[in-house]
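For reference, the structure is listed below as structure tokens.
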Ligand SMILES: Nc1ncnc2c1ncn2[C@@H]1O[C@H](COP(=O)(O)OP(=O)(O)O)[C@@H](O)[C@H]1O
Ligand SMILES: [Mg+2]
């Protein structure tokens, strides 16, 4: 109805006017009726009025549509602003010169700066200008890169600083001229802090391990100093023991504790302080046989049988310190015995290739879990009540000095094989073979 409003009203008015005119012309003035002229006159008047009113209706319609689309645009823009303002991240837009042309509410929430004051200011007025950041952005624009990212220290309105991570897109026109950017920025201070803390922890750990090394050396010095008086204490106690036969149980405990102190001190010394090493050529089998004999008694006591097969390395010579090499095998075989509390078999066999001798010590113990394997060899890692956790670290240190290696094959519940790999003394081997 609204669409035809002007046309209907003007038609009615025109008809009233024509009737009024006809009434005066024909009734009062009593002119003769001329039908053709009258009909043409009426038709022309009505059509002209209709056409004019049609224009008016059209204009009104257009105005209404314009108003409607204006309202829709406003609703859309309000909606966009509402979304933008509810974002946790700052959204910004700049023109080709880097002047800020848009900011959402997060800007004020995070930085404390008012949006209206910041409009038209430079994008880099708010972070600590570091040359590499500015250079990076300029080079990106030169290369017409489509997007980029940087982190910078931003300054809030109260002067405090936070770390901002900025992701942006760069826009170019059809002539490849830079026209502006659109991007987001978030406060990553917490994340940055966590990363920094991690780095700090790593650094601290590195420092600690350095300290531990120094402490180890110190401990070795102390160990040495403690050992001497311990020997005399132990000697005098031996003498006293004879005088107090009713207190043998006390003495037994004292001596077992002294033995333990001595053991720990001895291992500390071995680990931390480089021993006076005496590198000479030795028959590998001599060393192995001596060690096996030494530990045979231990083995028998714990119901263990040591099987030996050294035939493959009959003439092999290794260059090294005899006592230290013995220490390696003793530590590994002792572990093997301890891995089988109910007894079992330990198989020690040797193999050789062109350059190395491989000595395998295989037990039937409980083996090791993956987690244990990861920790094995770390100083003080021990799963035994009476363990020092220094046996394997000592082996590793000695083998390193002898250019040797230690391989460990172990599965939980399936026993372990420790393989000692030692380089053979080439000249000595040849001499032996002649
Ligand atoms: N043959 C083995 N079988 C099972 N576990 C072993 C074996 N050898 C070493 N381990 C594990 O490695 C740990 C460290 O050994 P080690 O350095 O000799 O210290 P310790 O013997 O004093 O505990 C042991 O406590 C044990 O858990
Ligand atoms: Mg051990």
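Taking 51 Å as R0, compute the FRET efficiency from the Cβ-Cβ separation of residue 129 and residue 322 and round it to 0.05. Each step should come with its number before you reach the end.
On the way: r = 68 Å, r/R0 = 1.33.
So the FRET efficiency works out to roughly 0.15.
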Among 27, 368, rank each residue by its count of other Cβ atoms within 10 Å, from fewest to most, as a rough exposure measure.
27, 368
What's the whole-number percent of alpha carbon pairs in the stretch 327-434 lying beyond 20 angstrom?
42 percent
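Do you know the relative contact order of the chain, to the nearest whole percent, from alpha carbon pairs under 8 angstrom that are 6+ apart? Walk me through the numbers before you get to the answer.
Working: 569 pairs, mean separation 37.5, N = 434.
Worked out over the chain, it gives 9 percent.
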7 Å from Cα along Cα→Cβ at both residue 72 and residue 312: what's the point-to-point distance in nm?
8.6 nm
Let me know the Rg and Dmax you get for the chain when you use only its Cα atoms, in Å.
49.1, 170
Computed over the stretch 2-84, the convex hull of the Cα set has an average projected area, in nm², of 6.3 nm²
Mean separation of Cα pairs under 8 Å and 6+ residues apart, divided by the residue count of the stretch 280-433: what relative contact order is that in percent?
25 percent
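What ranking of 47, 421 emerges when the number of other C-beta atoms within 10 Å of each C-beta is taken as an exposure proxy, fewest first?
Working: 47 11, 421 19.
In increasing order of surrounding Cβ atoms, one gets 47, 421.
Starting from the Cα gyration tensor of the stretch 90-187, multiply each eigenvalue by 5, take the square root, and state the resulting semi-axes largest first in whole Å.
23, 15, 11
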For the stretch 308-359, the fraction of alpha-carbon pairs in successive 5 Å shells from zero, as %
4, 16, 21, 26, 17, 10, 4, 1
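Values quoted throughout were computed directly from the atomic coordinates according to the rules given, and no laboratory measurement underlies them. Nothing here was measured: the structure is a model prediction, and the numbers come from that model. Virtual Cβ from ideal backbone geometry, glycine too; neighbours counted across all protein chains shown.
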